[in-house]
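Accompanying notes for the structure given below.
The values are calculated or read from the model by the stated rules, or taken from the named source; none is laboratory data. Just so we're clear, the structure is a prediction, and the values are computed from it rather than from any experiment. Every residue, glycine among them, receives a Cβ derived from its backbone with ideal geometry; neighbour counts consider all protein chains shown.
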Amino acid sequence: MRETVAGDGLRALLGTLAAVVVYSVAGSAGPELLVVFNAFSIVVLYFSVRRGEVFGALLGTLCGLTQDAFSLGVFGVAGLTKTLLGFWTGFISRRIDVSAFGRNALFMLVMSVLEMALWVLITAIVRLASVNWHGGLILLQPVVTAVLGSLLFTVERRVRARRSRGL
């Protein structure tokens, strides 16, 4: 069954809305959760691998600017980093096989580390205050993002397999 851009566009919008809910709930439950878990990055990574660089870049812009609306920092930093995350994730995933869990997790880890490095670099340039490392907790974010993003693909594969068997 071939996925359509409109179908994935609707799923991406629902994923973004789910990320807003998760971001809101996690923020009120404990700000530390927002440091180690970035729901917007998971949405961008997932759909960029599925749909490619243009879809990923557009979704990255939407998710990044939405995340910026929640922050007290400079507006546009997450928008820029998520746009680049979406583009490069989609571009690279079209050229290498990232379907196996291990390769997918490693690929998402590399992309998440690059996104974080870019975010830190841009934040350090545009803000007068230094980057808040939250006692090193922020360094867990790429690992958590990679594991959860890869698990999302695994769950999707199992659901599709179960549907194809008629269960």
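Annotations
- Residues of region 5-28 satisfying the condition of being crowded, with 16+ Cβ neighbours inside 10 Å, without any contact (Cβ under 8 Å) to a residue 40 or more places away in the chain and closer than 15 Å to Gln67 by Cβ: Gly15, Val22, Ala26
To keep it simple, each residue is scored yes or no on (1) in contact (Cβ under 8 Å) with a residue 24 or more places away in the chain; (2) farther than 22 Å from Arg11 by Cβ.
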site	(1), (2)
Gly73	yes, yes
Leu121	no, yes
Ala161	no, no
Arg165	no, yes
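- Qualifying residues in region 1-16 (those that are of a type in the set (A, V, I, L, M, F, W, C) and assigned to a helix (DSSP H, G or I)) - the one modelled with the lowest pLDDT: Val5
- Of all residues making up region 42-71, the number that are touching a residue at least 24 places away in the same chain (Cβ under 8 Å) and of a type in the set (Asp, Glu): 1
- Residue in region 78-86 that is under 22 Å from Phe37 (Cβ atoms), free of Cβ contacts under 8 Å to residues at least 12 places away in the same chain and hydrophobic (A, V, I, L, M, F, W, C) present: no
- Among the residues listed as Thr89, Thr61, Thr83, the single one being at pLDDT 95 or above, touching a Leu at 6+ places or on another chain (Cβ under 6 Å) and β-branched (Val, Ile, Thr): Thr89
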